[in-house]
1. Averaged per residue, what accessible area in Å² does region 1-159 show with a 1.4 Å probe, protein chains only?
2. Give, rounded to the nearest 20 debye, the magnitude of the charge dipole that the chain has about its Cα centre when Lys and Arg contribute +1 at Cβ and Asp and Glu contribute -1 at Cβ.
3. Per-residue HN-Hα couplings for region 217-230, Karplus 6.51 cos²θ - 1.76 cosθ + 1.60 at θ = phi - 60°, whole Hz, x for Gly and Pro?
4. Under the rule of at least 5 residues apart or a separate chain, name every residue whose amide H is placed under 5 Å from the amide H of VAL247.
5. Note the per residue figure in Å³ for the convex hull of the C-alpha positions in region 82-233.
6. Test of understanding: express the Cα radius of gyration of the chain as a ratio to 2.2 N^0.38 Å, with N the residue count.
7. Out of PRO100, LEU183, GLY40, whose Cα points farthest toward the positive end of the dipole of the chain (charges: +1 Lys, Arg; -1 Asp, Glu; placed on Cβ)?
8. Based on the Cα gyration tensor of region 39-105, what are the three equivalent ellipsoid semi-axes, each the root of five times an eigenvalue, rounded to whole Å and given largest first?
Amino acid sequence: MHRVVRQDDRAPFLSALQRARESAYPPGEYVGQESFMRAGEIRHLAGRAGVGPGVPVLDLCCGVAGPGRFITRELGCDYLGVDLSASAIDIARASARDLPCRFEVMEVPPVPSGPFEVVLLLETMLAFRDKKPLLQGISGALATGGRFAFTMEEGLPLTAPERAQMPDAETVWLTPREEMLDLLEQTGLAVRWEEDWSASHREVADALIDAFTADAADIAAVIGRQALDELVAGHRLWSAWLRDGRVRKLAFVAEKPAP
(Lines give C-alpha, C1' and ligand atoms only; values in the text may rest on other atoms or scores of the structure.)
Protein backbone atom coordinates (compact mmCIF):
# COMPACT_ATOMS: atom_id res chain seq x y z
CA MET A 1 0.00 0.00 0.00
CA HIS A 2 1.43 3.35 -1.03
CA ARG A 3 1.81 6.17 1.47
CA VAL A 4 -0.34 9.23 0.69
CA VAL A 5 1.84 12.32 0.48
CA ARG A 6 0.38 15.77 1.12
CA GLN A 7 1.61 18.82 -0.77
CA ASP A 8 3.12 20.26 2.42
CA ASP A 9 5.45 17.23 2.46
CA ARG A 10 7.12 18.98 -0.41
CA ALA A 11 10.16 16.87 -1.33
CA PRO A 12 8.42 13.63 -2.42
CA PHE A 13 5.63 15.60 -4.09
CA LEU A 14 8.09 17.62 -6.16
CA SER A 15 10.10 14.55 -7.03
CA ALA A 16 6.99 12.71 -8.22
CA LEU A 17 5.92 15.58 -10.49
CA GLN A 18 9.35 16.63 -11.74
CA ARG A 19 9.44 14.59 -14.94
CA ALA A 20 5.90 15.57 -15.94
CA ARG A 21 6.51 19.25 -15.26
CA GLU A 22 9.74 19.28 -17.23
CA SER A 23 7.98 17.74 -20.23
CA ALA A 24 4.98 20.09 -20.10
CA TYR A 25 6.82 23.38 -20.62
CA PRO A 26 8.47 24.49 -23.87
CA PRO A 27 12.28 24.13 -23.92
CA GLY A 28 13.91 26.53 -21.47
CA GLU A 29 10.62 27.58 -19.88
CA TYR A 30 10.68 25.32 -16.82
CA VAL A 31 12.78 26.67 -13.93
CA GLY A 32 11.30 24.82 -10.97
CA GLN A 33 8.06 26.83 -10.80
CA GLU A 34 4.94 25.27 -9.26
CA SER A 35 2.53 27.29 -11.37
CA PHE A 36 1.38 28.08 -14.90
CA MET A 37 3.98 30.84 -15.41
CA ARG A 38 6.67 30.30 -18.01
CA ALA A 39 10.26 31.39 -17.45
CA GLY A 40 9.87 34.13 -20.05
CA GLU A 41 6.90 35.57 -18.16
CA ILE A 42 8.77 35.43 -14.87
CA ARG A 43 11.72 37.27 -16.42
CA HIS A 44 9.45 39.82 -18.13
CA LEU A 45 7.48 40.62 -14.99
CA ALA A 46 10.64 40.94 -12.90
CA GLY A 47 12.19 43.19 -15.54
CA ARG A 48 9.09 45.38 -15.63
CA ALA A 49 9.38 45.72 -11.85
CA GLY A 50 12.99 46.87 -12.12
CA VAL A 51 14.70 43.81 -10.64
CA GLY A 52 18.43 44.13 -11.22
CA PRO A 53 21.85 43.92 -9.57
CA GLY A 54 21.73 45.00 -5.92
CA VAL A 55 17.97 45.65 -5.90
CA PRO A 56 16.39 44.48 -2.60
CA VAL A 57 13.62 42.00 -3.56
CA LEU A 58 11.09 40.34 -1.26
CA ASP A 59 9.37 37.25 -2.67
CA LEU A 60 6.23 36.44 -0.66
CA CYS A 61 4.91 32.85 -0.54
CA CYS A 62 7.97 31.80 -2.52
CA GLY A 63 7.49 28.03 -2.08
CA VAL A 64 10.61 26.23 -3.26
CA ALA A 65 11.61 29.52 -4.99
CA GLY A 66 12.15 28.28 -8.52
CA PRO A 67 11.20 31.73 -9.92
CA GLY A 68 13.20 33.53 -7.21
CA ARG A 69 16.35 31.56 -7.89
CA PHE A 70 15.81 32.08 -11.61
CA ILE A 71 15.56 35.87 -11.43
CA THR A 72 18.49 36.07 -8.99
CA ARG A 73 20.61 34.12 -11.45
CA GLU A 74 19.32 35.94 -14.56
CA LEU A 75 18.92 39.53 -13.36
CA GLY A 76 20.83 39.76 -10.10
CA CYS A 77 19.26 41.13 -6.91
CA ASP A 78 19.41 41.05 -3.12
CA TYR A 79 16.77 38.35 -2.67
CA LEU A 80 14.70 37.32 0.36
CA GLY A 81 12.09 34.59 -0.06
CA VAL A 82 9.54 33.80 2.65
CA ASP A 83 7.03 30.97 2.93
CA LEU A 84 5.01 29.25 5.65
CA SER A 85 6.17 25.79 4.54
CA ALA A 86 9.38 24.76 6.31
CA SER A 87 9.86 21.87 3.87
CA ALA A 88 9.60 24.24 0.89
CA ILE A 89 12.15 26.61 2.44
CA ASP A 90 14.52 23.70 3.13
CA ILE A 91 14.36 22.78 -0.57
CA ALA A 92 14.80 26.41 -1.63
CA ARG A 93 17.90 26.81 0.52
CA ALA A 94 19.45 23.57 -0.73
CA SER A 95 18.68 24.44 -4.36
CA ALA A 96 20.04 28.00 -4.17
CA ARG A 97 23.59 26.70 -3.65
CA ASP A 98 25.92 29.68 -4.22
CA LEU A 99 23.23 32.17 -5.29
CA PRO A 100 22.91 35.26 -3.07
CA CYS A 101 19.48 34.24 -1.76
CA ARG A 102 18.11 34.30 1.79
CA PHE A 103 15.03 32.45 2.98
CA GLU A 104 12.81 32.58 6.06
CA VAL A 105 9.88 30.50 7.28
CA MET A 106 7.02 32.82 8.16
CA GLU A 107 3.30 33.32 7.76
CA VAL A 108 2.12 36.20 5.55
CA PRO A 109 0.79 38.63 6.62
CA PRO A 110 2.63 40.19 8.40
CA VAL A 111 5.11 41.27 5.75
CA PRO A 112 8.83 41.79 6.55
CA SER A 113 9.42 45.48 7.18
CA GLY A 114 12.04 46.20 4.54
CA PRO A 115 12.32 48.67 2.96
CA PHE A 116 12.37 46.75 -0.35
CA GLU A 117 12.48 48.14 -3.85
CA VAL A 118 10.47 45.21 -5.24
CA VAL A 119 7.92 42.88 -3.66
CA LEU A 120 6.83 39.80 -5.64
CA LEU A 121 3.70 37.71 -5.14
CA LEU A 122 3.52 35.13 -7.92
CA GLU A 123 0.48 32.89 -8.42
CA THR A 124 -0.64 33.15 -4.78
CA MET A 125 -2.96 36.16 -4.53
CA LEU A 126 -6.02 33.87 -4.72
CA ALA A 127 -5.00 32.14 -1.47
CA PHE A 128 -5.79 35.28 0.58
CA ARG A 129 -9.46 35.70 1.37
CA ASP A 130 -8.98 39.17 2.90
CA LYS A 131 -6.51 40.89 0.63
CA LYS A 132 -6.47 44.36 2.19
CA PRO A 133 -4.20 43.51 5.19
CA LEU A 134 -1.80 41.82 2.78
CA LEU A 135 -1.67 44.85 0.48
CA GLN A 136 -1.27 47.21 3.44
CA GLY A 137 1.74 45.18 4.58
CA ILE A 138 3.23 45.17 1.10
CA SER A 139 2.80 48.93 0.73
CA GLY A 140 4.41 49.47 4.12
CA ALA A 141 7.38 47.26 3.17
CA LEU A 142 8.08 49.14 -0.07
CA ALA A 143 10.41 52.11 -0.27
CA THR A 144 8.99 55.22 -1.94
CA GLY A 145 9.06 54.48 -5.65
CA GLY A 146 9.15 50.73 -4.93
CA ARG A 147 7.22 48.28 -7.09
CA PHE A 148 4.81 45.45 -6.31
CA ALA A 149 4.78 42.80 -9.07
CA PHE A 150 2.12 40.12 -8.90
CA THR A 151 -0.21 37.81 -10.77
CA MET A 152 -3.85 37.23 -9.94
CA GLU A 153 -6.79 35.07 -10.92
CA GLU A 154 -9.41 37.66 -11.84
CA GLY A 155 -13.13 36.93 -11.60
CA LEU A 156 -16.22 36.90 -9.45
CA PRO A 157 -16.06 34.79 -6.27
CA LEU A 158 -16.72 31.09 -6.75
CA THR A 159 -20.31 29.94 -6.38
CA ALA A 160 -21.18 27.14 -3.95
CA PRO A 161 -21.34 24.53 -6.77
CA GLU A 162 -17.97 25.74 -8.11
CA ARG A 163 -16.40 25.50 -4.64
CA ALA A 164 -17.70 21.95 -4.35
CA GLN A 165 -15.90 21.06 -7.59
CA MET A 166 -12.56 22.69 -6.74
CA PRO A 167 -10.05 20.74 -4.63
CA ASP A 168 -8.65 22.87 -1.78
CA ALA A 169 -11.37 25.46 -2.40
CA GLU A 170 -10.53 27.14 0.92
CA THR A 171 -7.41 28.52 -0.82
CA VAL A 172 -9.25 29.84 -3.89
CA TRP A 173 -10.57 33.39 -3.46
CA LEU A 174 -11.04 35.12 -6.80
CA THR A 175 -11.16 38.91 -7.04
CA PRO A 176 -12.74 41.09 -9.74
CA ARG A 177 -10.25 43.39 -11.46
CA GLU A 178 -12.00 46.61 -10.41
CA GLU A 179 -12.04 45.47 -6.79
CA MET A 180 -8.29 44.78 -6.93
CA LEU A 181 -7.61 48.19 -8.48
CA ASP A 182 -9.62 49.81 -5.70
CA LEU A 183 -7.73 47.89 -3.01
CA LEU A 184 -4.39 48.88 -4.53
CA GLU A 185 -5.43 52.55 -4.55
CA GLN A 186 -6.65 52.34 -0.95
CA THR A 187 -3.28 50.98 0.16
CA GLY A 188 -1.21 53.60 -1.66
CA LEU A 189 -0.25 51.61 -4.76
CA ALA A 190 -0.71 52.82 -8.35
CA VAL A 191 -0.78 50.40 -11.30
CA ARG A 192 1.94 51.16 -13.85
CA TRP A 193 1.68 48.05 -16.05
CA GLU A 194 -0.84 45.27 -16.70
CA GLU A 195 -1.02 42.30 -19.07
CA ASP A 196 -3.46 39.42 -19.67
CA TRP A 197 -1.77 36.00 -19.60
CA SER A 198 -4.95 33.90 -19.72
CA ALA A 199 -4.22 32.21 -23.06
CA SER A 200 -0.65 31.20 -22.26
CA HIS A 201 -1.61 29.91 -18.80
CA ARG A 202 -4.40 27.81 -20.25
CA GLU A 203 -1.88 26.27 -22.67
CA VAL A 204 0.38 25.37 -19.75
CA ALA A 205 -2.55 23.96 -17.75
CA ASP A 206 -3.50 21.71 -20.67
CA ALA A 207 0.09 20.57 -21.15
CA LEU A 208 0.37 19.74 -17.45
CA ILE A 209 -2.87 17.73 -17.56
CA ASP A 210 -1.47 15.67 -20.45
CA ALA A 211 1.88 15.21 -18.72
CA PHE A 212 0.37 14.19 -15.36
CA THR A 213 -1.95 11.75 -17.13
CA ALA A 214 0.87 10.20 -19.14
CA ASP A 215 2.96 9.72 -15.99
CA ALA A 216 -0.01 8.82 -13.76
CA ALA A 217 1.16 5.40 -12.57
CA ASP A 218 4.54 6.64 -11.34
CA ILE A 219 3.09 9.80 -9.80
CA ALA A 220 0.33 7.91 -7.98
CA ALA A 221 2.88 5.45 -6.62
CA VAL A 222 4.44 8.31 -4.65
CA ILE A 223 1.63 10.73 -3.76
CA GLY A 224 -1.39 8.42 -3.92
CA ARG A 225 -4.19 8.15 -6.47
CA GLN A 226 -6.50 10.58 -4.63
CA ALA A 227 -3.90 13.36 -4.58
CA LEU A 228 -3.20 12.82 -8.28
CA ASP A 229 -6.90 12.82 -9.17
CA GLU A 230 -7.42 16.07 -7.23
CA LEU A 231 -4.40 17.64 -8.92
CA VAL A 232 -5.68 16.80 -12.40
CA ALA A 233 -9.25 17.82 -11.52
CA GLY A 234 -8.05 21.21 -10.33
CA HIS A 235 -6.05 21.76 -13.50
CA ARG A 236 -9.06 20.79 -15.65
CA LEU A 237 -11.20 23.38 -13.87
CA TRP A 238 -8.61 26.13 -14.34
CA SER A 239 -8.27 25.23 -18.02
CA ALA A 240 -12.03 25.35 -18.56
CA TRP A 241 -12.44 28.60 -16.64
CA LEU A 242 -9.59 30.27 -18.55
CA ARG A 243 -11.03 29.02 -21.85
CA ASP A 244 -14.55 30.28 -21.08
CA GLY A 245 -13.49 33.60 -19.54
CA ARG A 246 -14.84 32.63 -16.11
CA VAL A 247 -11.36 33.49 -14.85
CA ARG A 248 -8.66 35.67 -16.36
CA LYS A 249 -5.00 35.52 -15.43
CA LEU A 250 -3.59 39.03 -15.06
CA ALA A 251 -0.10 40.30 -14.28
CA PHE A 252 0.49 43.72 -12.70
CA VAL A 253 3.23 46.05 -11.58
CA ALA A 254 2.06 48.68 -9.08
CA GLU A 255 4.24 51.48 -7.69
CA LYS A 256 4.31 53.20 -4.32
CA PRO A 257 4.49 56.85 -5.39
CA ALA A 258 5.84 59.67 -3.27
CA PRO A 259 3.27 61.10 -0.81
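The values are calculated or read from the model by the stated rules, or taken from the named source; none is laboratory data. None of the values given here were measured: they were computed from a predicted structure. Ideal geometry is used to build each Cβ from the backbone, glycine not excepted, and the neighbour counts take in all protein chains shown. Note: areas computed on protein heavy atoms with side chains; ligands, DNA, RNA excluded. Shrake-Rupley method; radii C 1.70, N 1.55, O 1.52, S 1.80 Å.
1. Values: 6910 Å² over 159 residues.
For region 1-159, the per-residue accessible area is 43 Å².
2. Working: 28 positive and 38 negative charges, 52 e Å.
With only Lys, Arg, Asp and Glu charged at Cβ, the dipole is about 240 debye.
3. Once rounded to whole Hz, the list reads 4, 5, 5, 5, 5, 9, 9, x, 5, 5, 5, 5, 4, 5.
4. LEU242
5. Details: hull volume 23.0 nm³, N = 152.
For region 82-233, the hull spanned by Cα atoms encloses 152 Å³ per residue.
6. On the way: Rg = 17.7 Å, N = 259, 2.2 N^0.38 = 18.2 Å.
Normalised by 2.2 N^0.38 Å, the Cα Rg of the chain equals 0.98.
7. Checked the options; the winner is PRO100.
8. 19, 11, 10
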